[in-house]
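Trainee: Let me begin by handing over the structure; questions about it come next.
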Amino acid sequence: MKLPQKLLNLLILIVLAGCTTEPATQQIPTPKKEGITFKNTVVSLTFDDGDVDNYLIRPILAENNIRATFYVVSGFTGSDGYMTEEQLHGLYEDGNEIGGHTLSHTKLTDVRGDELKKEVCDDRANLMAYGFEVNSFAFPYGHYDEEARQIVIECGYSNARIVTDGPDTVPPGDAYALQAMPYIVSDSDFSKMFRYVTGVEQEGGGWVIFVFHHVCDQCDQYAVDIDTFSKFASWLSNQQKNNGLIVKTIGEVISGK
Ligand SMILES: [Zn+2]
């Protein structure tokens, strides 16, 4: 078989290049530990409904110096499957935020007038009566309309989170419709959560709001298992310490603290 002259020349060049004994002055770049430096990305971890299993992550958050926002349905507090007032206080004492999520997890577009007001304002009043400063709200199922939004403002909230269209920006386009990343569900693994954060930085930065529900191993469709969460929290903590990532509660981002 006869190789065309051009290809033959190329092969000779490659072989020659391989043979050169240039001094090893070539700079070998130090590999970056995590491959990314965060300049413009803020992460908020939010947990909806006040499920009792959420309390399991209190030590994980504390160990990693991370604070999260817990949206509580005050009408369920202390009932079967939900955190008690004492557990909420534990989270709050660690610097986590307690936010409102209505009195009985009502889809706010289904109720009007006084009922709507009661769902939002009485829930906030309950949480404040527990002794919490309550500024952040999350619409159950992410459902809202102009009337619901107006009530949230009237009840004294500084912001409200929906469940789609993330990432958002800092400051957000609309503080009463904070845009979140898709729900974390039982098959959301570490790499998916990692990609939510790094992907946003690579696109120029933004506010990456995570929506968690249950914390358990496959107990629910909307669950993260504790090992996955633990791994993610430790990664976030590391990025915050070394690579410029910012992890804050919703209230902290909105108030600029
Ligand atoms: Zn909910």
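The values are calculated or read from the model by the stated rules, or taken from the named source; none is laboratory data. Quick caveat: nothing in here was measured; it's all calculated off a predicted structure. In this analysis, Cβ positions are derived from the backbone assuming ideal geometry, glycine residues included, and neighbour counts consider all displayed protein chains. What goes into the accessible areas is simple: the full protein's heavy atoms, side chains included, and nothing from ligands, DNA or RNA. Shrake-Rupley method; radii C 1.70, N 1.55, O 1.52, S 1.80 Å.
Trainee: Check off (1) over 13 Å from the mean Cα position of the chain (by Cα); (2) open to solvent by less than 10 Å² (accessible area, probe 1.4 Å) for residue 224 and give me the number that stays unchecked.
Mentor: (1)
Trainee: State yes or no: is residue 98 modelled with pLDDT of 95 or more and β-branched (Val, Ile, Thr)?
Mentor: Values: modelled with pLDDT of 95 or more: yes; β-branched (Val, Ile, Thr): yes.
Here the answer is yes, as residue 98 does meet what is asked.
Trainee: With a cut-off of at least 1 residues that are within 14 Å of the ligand (Cβ to nearest atom), name the helices (runs of 4 or more DSSP H) lying wholly within segment 58-132.
Mentor: Numbers: elements: 58-63, 85-93, 113-117, 123-129.
Passing ranges, in order: 123-129.
The rows are residues; the columns are (1) touching a Leu at 6+ places or on another chain (Cβ under 7 Å); (2) open to solvent by less than 30 Å² (accessible area, probe 1.4 Å); (3) farther than 22 Å from residue 240 by Cα; (4) modelled with pLDDT under 95.
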{"position": "42", "(1), (2), (3), (4)": "no, yes, no, no"}
{"position": "45", "(1), (2), (3), (4)": "no, yes, no, no"}
{"position": "51", "(1), (2), (3), (4)": "no, yes, yes, no"}
{"position": "60", "(1), (2), (3), (4)": "no, yes, no, no"}
{"position": "74", "(1), (2), (3), (4)": "yes, yes, yes, no"}
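Trainee: When residue 215 is evaluated against the numbered criteria (1) of a type in the set (A, V, I, L, M, F, W, C); (2) modelled with pLDDT of 95 or more; (3) open to solvent by less than 60 Å² (accessible area, probe 1.4 Å), which criterion, by number, is the only one it fails?
Mentor: Checking residue 215 against (1) of a type in the set (A, V, I, L, M, F, W, C); (2) modelled with pLDDT of 95 or more; (3) open to solvent by less than 60 Å² (accessible area, probe 1.4 Å), the one that fails is (2).
Trainee: Take segment 133-162 and flag every residue that is in a loop (DSSP other than H, G, I, E, B) and more than 14 Å from the ligand (Cβ to nearest atom).
Mentor: Listed by number, the residues that qualify are 133, 134, 135, 145, 155, 156, 157, 158.
Trainee: Return the total of residues in segment 177-195 being part of a helix (DSSP H, G or I) and closer than 18 Å to residue 69 by Cα.
Mentor: Of segment 177-195, the ones part of a helix (DSSP H, G or I) are 190-195.
Filter again for closer than 18 Å to residue 69 by Cα, leaving 193.
The total comes to 1.
Trainee: Report yes if residue 202 is more than 16 Å from the ligand (Cβ to nearest atom), open to solvent by 40 Å² or more (accessible area, probe 1.4 Å) and out of contact with any strand residue (DSSP E or B) (no Cβ under 8 Å at 6 or more places or on another chain), otherwise no.
Mentor: Considered against the rule, which asks whether it is more than 16 Å from the ligand (Cβ to nearest atom), open to solvent by 40 Å² or more (accessible area, probe 1.4 Å) and out of contact with any strand residue (DSSP E or B) (no Cβ under 8 Å at 6 or more places or on another chain), residue 202 comes out as yes.
Trainee: Which of the numbered conditions does residue 145 fail, given that it passes all the others? Conditions: (1) among the charged types (D, E, K, R); (2) over 26 Å from residue 217 (Cα atoms); (3) open to solvent by 70 Å² or more (accessible area, probe 1.4 Å).
Mentor: So the condition that residue 145 fails would be (3).
Trainee: Within segment 163-176, is even one residue assigned to a helix (DSSP H, G or I) and not hydrophobic (A, V, I, L, M, F, W, C)?
Mentor: The answer is no; no qualifying residue exists.
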